[in-house]
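This report refers to the structure that appears directly beneath it.
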Amino acid sequence: MHSTTRVEPIAARTRFGVAALLRQQDTALLLVLLLLVVAFSLASPYFFSARNLSNVLLSASIIGTMSAVATLVVVSGALDLSIGSIVALTSVSAALLSYDLQWPPGLAIAAALVIGALAGAFNGILVTVLRINPIIATIGTLSVFRGLAFVITNGRDIPVLDPISDYLGFERIVGIPVSVIVMILVFIATWWVAKYTPWGRNVYATGANPRAARLAGVGVGGIRMGVLIASGLVAALAGVLLNGQAGSATPGAGVGYELQVLTAVLLGGASLTGGEGRVTRTFIGVLIISVINNGMTLLSVPSYYQTIANGALLLVAVAIDQFRTKAGYR
């Protein structure tokens, strides 16, 4: 399922050192995460506490819920840069239906999930039917979906008072935030689909070599359409979780989410060229981003420096991806 091409001469030359560490990506990611935890624990007496570690997981839940499926999107050879805007559109849609129009909360949330799936399907049509490059297509829909969120709300924030969103945002089960449990369930489901289902194997085949996949009878367009619909659906789910955590829905929500999700996916070893990536590694990438953001907040680092750090992390992830590809580690 994963590309495991070995280049023995290179492996022999790079048995030790940074290059060898990059080959053992699981170990490298866990080491980076451990070093960050140790560094922030030494820098702040508040970091390594049960309450703050719970906050780290809670803040990771929104990005993490989207990152699991985003891994499959990248593996398939596509990309979805509109997910932050889908979060905004679906979160304000759920709040509008529930607060302004007095729909039952469950029905309003279900409608928001449908809107997310339809947004993903729209991306899928642009990419698979109209053959628009996924980056260009989803940059365009990023603006479209964000604009729609402002249009339907007239630019105002909407209170979120329904009990289902409150439960998802604030409640805990045996001490674990419900939002974190939702994220973990999404990761487990995505991992299972990728590893044990024919559809999951076809996602990898599509990204590794679309022409060969077509010759083997794989519906490449259908696969990419499917992952983009799933991406829109989980972005809507993230929007619902965000409503519960924030207590209000705003059309300006989710700005920059797409870059954090892409960073987590690439840190996890997924290749922008498709065919390579693991959901479990993406999970570690999500934790790394959340630990950095949480630690910098505890150290009172201004938010614009956090933006710089997140951008630098994305560049590092892309550089590692390019290095691994050129070195033949794919």
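Taking a point 7 Å out from the Cα of Ile132 in the direction of its Cβ, the residues of segment 109-126 whose backbone N falls within less than 16 Å of it are 118-126. Packing order of peptides 145-156, 94-105, highest average first: 94-105, 145-156 (average count of other Cβ atoms within 10 Å over each peptide's residues). When only alpha carbons are used to place a centre, segment 59-79 and segment 284-330 end up 16 Å from one another. Solvent-accessible surface of the chain, taken per residue with a 1.4 Å probe and all protein chains present: 46 Å².
Keeping all protein chains in place and using 1.4 angstrom, which order do Met183, Met225 fall into by accessible surface area, from largest down?
Met225, Met183
When both segment 166-215 and segment 104-134 are represented by their alpha-carbon centers, they are found 18 Å apart. Between amide H atoms placed 1.01 Å from N, distances below 5 Å from Ala249 occur with Ile158, Val160, all of them 5 or more places distant or on a separate chain. Distance between the pseudo-spin-label points of Ala39 and Leu107 (7 Å out from Cα toward the beta carbon): 5.2 nm. In terms of its C-alpha gyration tensor, segment 64-124 comes out prolate, because a/c is 1.5 or above and the ratio a/b outweighs b/c.
Quickly rank 58-65, 132-139 as a protection proxy: mean count of other C-beta atoms within 10 Å, highest first.
On the way: 58-65: 25.0, 132-139: 17.6.
So the order, starting with the most tightly packed, is 58-65, 132-139.
Modelled spin labels at Leu161 and Val174, positioned 7 Å past Cα toward Cβ, are 3.6 nm from each other. Computing the accessible area with a 1.4 Å probe over protein heavy atoms, can you report the carbon and sulfur percentage for the chain? The value for the chain is 69 percent carbon and sulfur by accessible area.
Using the Karplus relation 6.51 cos²θ - 1.76 cosθ + 1.60 with θ = phi - 60°, the per-residue 3J(HN,Hα) values for segment 231-246 come to 4, x, 5, 6, 5, 5, 4, 4, x, 5, 4, 5, 4, x, 6, 8 Hz, with x marking Gly and Pro.
When Lys195, Lys326 are compared by accessible surface with a 1.4 Å probe, the order from highest to lowest is Lys326, Lys195.
Mean residue ellipticity, 222 nm, helices only, the chain: the sum of -39500 (n - 2.57) across DSSP H runs of n ≥ 4, divided by residue count and rounded to 500, is -23500 deg cm²/dmol. Between the labelled values (i) -0.51, -0.76, -1.02; (ii) -0.43, -0.63, -0.87; (iii) -0.37, -0.58, -0.84, the entry that holds log10 I(q)/I(0) by the Debye sum over Cα atoms at q = 0.08, 0.10, 0.12 Å⁻¹ as derived from this structure is (iii).
Charges were assigned to the Cβ only: +1 to each Lys and Arg, -1 to each Asp and Glu. The resulting dipole of the chain about its Cα centre is roughly 1240 debye.
The mean sequence separation of alpha-carbon pairs under 8 Å and at least six residues apart, normalised by the residue count of the chain, gives a relative contact order of 34 percent. Computed on protein heavy atoms with a 1.4 Å probe, the accessible areas place Leu36, Leu241 in the order Leu36, Leu241, largest first.
The values are calculated or read from the model by the stated rules, or taken from the named source; none is laboratory data. Because the structure is a prediction, the values reported are computed rather than measured. Here Cβ is always computed from backbone atoms with ideal geometry, including for glycine, and neighbour counts include all displayed protein chains. Accessible surface is based on the protein model in full, side chains and every heavy atom, while ligands, DNA and RNA are left aside. Shrake-Rupley method; radii C 1.70, N 1.55, O 1.52, S 1.80 Å.
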